[in-house]
Amino acid sequence: MNQDHNQDHGMEQLLNLVAKLRDPIDGCPWDIAQTFASTVPHTLEEAYEVADAIEKNDLVLLKEELGDLLLQIVLYSQIAKEKNLFAFADITAGITEKLIRRHPHVFGNANGKVGSAEEQLAVWEALKKDEQRSKNQPSRDGIATALPALARAKKLCMLLELSQVDSSSFFSIIETIEEKATELRSSAMPKEQNIGDLLFACVNLARKLQIDPEVALRQANGRAERLLR
């Protein structure tokens, strides 16, 4: 109970601090000048620094970087509050409601448990589409166009399989990779397109092997970097 109280107090303190930093009279000029758009590069940088701390298994650094990332969310919420759009409480209420809604096997009356993470992903996507239909919203793939190409390819591969557009097996993906590599030697197809198809197939193969392609490539970058030392 005391721990919950401390968490609530800490969050309230951070919200008040950011509001003070953006006070038009007594605040910090840099913080006052920030907008939704100007904060985006800092958010992306902090997210990558969180990933870097995890990759290094530096838990002290991870705690610090998570704080920096949380600051970005609080800053967005403060900017929105000043514009009478929404507040931090609306953000937490929204994600709480969504998590409960998208996990009926945990919080609802659904019979039985979801058997695997893959099965839960399918349930999540199905519920999301149902919600969009009930709100008369056009169906969206839910993949931000600003995502790095590697991360976007991974999500597209997952959605293609969930929607049964692509049911490629491990061996058929290997064949696709070999085919695309062969085409690079002789095909009249633009090399950029061929390389793109090859990279997409490699991402799909990594997903089939339950390997995060971003992590795998970062590790390969690390091995290459060590050769330069």
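Every number in this text was worked out from the coordinates using simple rules, so none of it is lab data. Note that this is a predicted model, so its numbers are computed, not measured. No Cβ is skipped: glycine too gets one built from the backbone with ideal geometry, and neighbour counts run over all protein chains shown.
Normalised by 2.2 N^0.38 Å, where N is the number of residues, the C-alpha radius of gyration of the stretch 45-90 stands at 1.41. If only the Cβ of Lys and Arg carry +1 and only the Cβ of Asp and Glu carry -1, the dipole of the chain around its Cα centre is close to 540 debye. Excluding same-chain neighbours fewer than eight residues apart, the aspartates and glutamates reachable from K155 by a Cα-Cα span under 17 Å are E118, E119, E125, D141, D166, D197, D212, E214. Report, in deg cm²/dmol and to the nearest 500, the calculated mean residue ellipticity at 222 nm for the chain, where each DSSP H run with n ≥ 4 adds -39500 (n - 2.57) and the sum is divided by the residue count. Rounded to the nearest 500, it is -24500 deg cm²/dmol.
Comparing G94, M11, A33 along the charge dipole axis of the stretch 11-105, the residue lying farthest to the positive side is G94, per the Cβ-charge model. This ranking places V74, V40 by how few other beta-carbon atoms lie within 10 Å of each, fewest first, which gives V40, V74.
Comparing S163, S77, S134 in a Gaussian network model of the chain, where Cα atoms under 10 Å apart are tied by springs, the biggest mean-square fluctuation is seen for S134. The stretch between R101 and A80 holds 5.0 nm of extra length on full extension. This uses 0.36 nm per residue minus the Cα-Cα distance. Maximal additional length on extending the H42-S172 stretch stands at 42.7 nm, based on 0.36 nm per residue less the C-alpha distance. Taking other C-beta atoms within 10 angstrom as a stand-in for reagent exposure, I91, I173 fall in the order I91, I173, fewest first. Rg ratio for the stretch 1-90: its Cα radius of gyration over 2.2 N^0.38 Å, N being its residue count, equals 1.19. Modelled label positions at A224 and A122, each set 7 Å beyond Cα in the direction of Cβ, lie 3.7 nm from each other.
A simple count of charges around R22, restricted to other residues whose Cβ falls under 15 Å of its Cβ and scoring Lys, Arg +1 and Asp, Glu -1, yields -1. Considering only Cα atoms, the convex hull volume of the chain works out to 224 Å³ per residue.
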